[in-house]
Every structure is written in C-alpha cells, then in structure tokens.
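Following: one structure in structure tokens, then a few remarks.
The values are calculated or read from the model by the stated rules, or taken from the named source; none is laboratory data. These figures come from a predicted structure and were not determined experimentally. For neighbour counting, all protein chains shown are included, and Cβ atoms are generated from backbone atoms with ideal geometry for every residue, glycine included.
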Amino acid sequence: MNRAAHSLLAYCRPGFESECAQELAARDAALATGGFARSVRDSGFVEFVLADRVAADTFAGEVRLRDLCFSRQLLRVIGRVEDLPKADRLARLLPLIRERGRRFCDAWIESPDSDAARELAGLCRSLNNALIAVMKRESLLDAKSPWRLHVCLTDAQTAFVAEADVAHASPWQGGIPRLRFPSSAPSRSTLKLEEALVTLLDADERDAWLRPGMSAVDLGAAPGGWTWQLVRRSMKVTAVDNGPMDASLMDSGYVTHLREDGFRYRPPSAVDWLVCDMVEQPRRVAARMAEWLAGGWCRYAVFNLKLPMKKRYDEVQLCRARVAEDMSNAGQRMDWRARQLYHDREEITVFVRAICAA
Ligand SMILES: C[S@@+](CC[C@H](N)C(=O)[O-])C[C@H]1O[C@@H](n2cnc3c(N)ncnc32)[C@H](O)[C@@H]1O
C-alpha cells in the first residue's frame, strides 16, 4: 500500500530517534509546516510527516542535512510500500519510481543502522543490482541528474521509496562514511576526527582550512589518534594530556607533549586549530571552547560533547547558545556544525569556525 507521501525520512543512530524527531520538530515549528514525527525506538530512522505537499516542499527546501545534528541523511519520501512480495519485490517498487517521472543519477537500496535492519544488507545488494538493470533498460538513469533514488528497506516486506537532492544529501549509503582504520594511528578515536572532517567540512574547506604548517592544540590528546590526523596533514600539534602519547607519533617531530590540565592550559600565542576530546560534562567543555574561540586563541575548533542520559537535545542547544553568546560578546559570529557521527556513541562532534562580525 502506498501511503500519501508528504514526508521526509531521516536516518539516525539507533536509540536517538527522539532527538532526531525533536530537532526536525523544532525546524517544523519555526517554518509552521504543521508536521509530526513517526518513529520507533532503536529503528535507526524517523519519518517526518508534513501537513500537505506544499508544506513538504517548504520543509524540504529549507531544512538542510548540514544544519542537523541527529540526522545522518535526509530524504524526500516518494511513497511507502508495506507488502513487498518475497518473490518479486521490485514489481511493487517500480510503479512508484516510474510515476515519479524523473531520471535519477543513481539508485541505492539501503537499510537503517539498526540490528534488525542490518541483516537485510545481502537482500539490499541483490535487489540493488536488479533495480539498476531495470532502470537502465527503462532509461530512468541519467548521470547528470541532480536526484538520487533511495529505497530504504525497513524490513523484508516494507520499504520507503525516496529521493535525495545530491547537492545537499550525504554522499554515503545510510549516511555512513566507510573509513578504514589507519594501521599507524595510535587509537580508534582517530576515525572520529577523520569522520568529523569529511562530514562537517567539504573538500574545498578541508583544502583551505587544514594546510601544512598550520598550528593546533589537542586537549585530551593521549594516546594521539586525533593528533595523528593533524600530523598526517603536516600540522604542528601541542598535545595536552597527563597520559602518555604514542612513541612513533612523538618521533614524527610535529608534536609537543605537555602534561597539563586541558581546562587550564592557555597557548602562548594564537593557533589555527583547537581539537578537544576530553571526557567531561558537555557544558564545561562548551564553556572552555567558548573561552578559546571568543578569546581569539584559535580560528577553528572540533570538539566532542558527551551527552547526558536525559534531555540530550536540550543540552546541545544550551551548549550551542553558550558558545554563540560568548563569541557574540567578543564581536564574533560563529559557524557551528554539529553531528552525531557514526563513530560517536552517546556524544556528538562539533566544528566551530570563528567569523569576525563586520
Ligand atoms: C577519549 S580520550 C582521548 C583520545 C584521543 N582523542 C585519541 O584520539 O587518542 C580522553 C583523554 O582526555 C584526557 N583528559 C581528561 N581530562 C583531562 C584534563 N583535564 N586535561 C587534560 N587531559 C584530560 C584523558 O587523560 C584521556 O587521555
């Protein structure tokens, strides 16, 4: 059965559906688009239903994945099918795709990140190959199209058929970048900073803002996974932590290790980057980041906010407001980008860039 499709589909970390829904609801309230969320805990996705087609167009045009923290991918739903026959699932999906009346640059069949849906990976792969073959045959694929088709199997009988505006969507299936752990990195945490840099910055920004010879401070650096990412880009890093740093990273000659308190350390002169992975209360970390950014001690910051058990969305808003207020008082605007990354658990990762207000 195809329900009327005035909705968007967001993928999120399983267990964070209510934060994902809250964030979408806040945007909906600001836009007065009359929506509501449908979600099931631990499913790894939220369907956000808008009042009508006009409201869905407005919401989809205004709400960008880049501005969301708890969504990994944001798709416009074309339709939903609840009774896919085991013998020929494509036969029930194809009419929706044809009726949409547009060509797509690609077609992905994927499943949410939940334990149950992950078992559908094999089915997604085989259906995807068959779907691509049919779409080629029917001229429904065009590499130049700005739209990508997404089929999200939520179980073996149920699928959302949706589309993404490629310019604004995550470029990875399920919204998850597949990153390989670099064998010389000292800790798996390195993947968190790598994911933050590829998710929160675009390629031009990475080239411009992460240049060889730049300086950085890493608060809570040991054993050095985040420092490793900066050293890899030939940046000079002051690593602040009472714990030991990885010996081969220290041998690189790019790292100065200071056994000091990351909540007290102050750089002798301004640096380009501050990164911070100290396990502390989020408000305390936010206040510390605000001090650095408002004080002009760094231009760019990436930091982790460990979320509390309850009111996690509200906590993020409080932290954001704190950084914004301190920076505003110092005559600065902020470019804030936050995401609960695939490599984040009960936490989010934030990038902030200080912009001098004119
Ligand atoms: C999650 S680990 C950091 C892992 C690191 N980012 C990596 O990639 O290897 C947190 C670190 O914060 C450090 N830490 C916690 N409180 C600190 C403080 N007040 N000052 C300095 N370091 C602190 C701990 O010693 C620990 O090494």
So Arg13 fits all but one of (1) of a type in the set (D, E, K, R); (2) under 22 Å from Leu200 (Cβ atoms); (3) assigned to a helix (DSSP H, G or I); what number is the exception?
(3)
Can you say whether Gly175 is within 16 Å of the ligand (Cβ to nearest atom) and surrounded by 21 or more Cβ atoms within 10 Å (Cβ to Cβ), as far as the supplied structure shows?
no
So which helices (runs of 4 or more DSSP H) are wholly in the stretch 178-277 and hold at least 3 residues that are away from the ligand (no atom under 12 Å from the Cβ) and closer than 24 Å to Glu346 by Cβ?
190-200
Just the residues that are touching a strand residue (DSSP E or B) at 6+ places or on another chain (Cβ under 7 Å), in contact (Cβ under 8 Å) with a residue 24 or more places away in the chain and small (Gly, Ala, Ser), please, taken from the stretch 223-254.
Gly224
Just checking, how many residues over the stretch 252-309 are within 27 Å of the chain's Cα centre (by Cα) and of a type in the set (Lys, Arg)?
5
Residue tally, condition touching a residue at least 40 places away in the same chain (Cβ under 8 Å), under 18 Å from Val63 (Cβ atoms) and outside any strand (DSSP E or B), over the stretch 142-177:
6
Residues that are within 23 Å of Ala5 (Cβ to Cβ) and at pLDDT 95 or above: list the helices (runs of 4 or more DSSP H) wholly contained in the stretch 59-141 that include at least 2 such residues.
89-100, 121-137
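Table: residues versus (1) surrounded by 24 or more Cβ atoms within 10 Å (Cβ to Cβ); (2) of a type outside the set (Asp, Glu); (3) out of contact with any strand residue (DSSP E or B) (no Cβ under 9 Å at 6 or more places or on another chain).
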site	(1), (2), (3)
Ser7	yes, yes, no
Glu23	yes, no, no
Ala26	no, yes, yes
Ala32	no, yes, yes
Gly35	no, yes, no
Ser39	no, yes, no
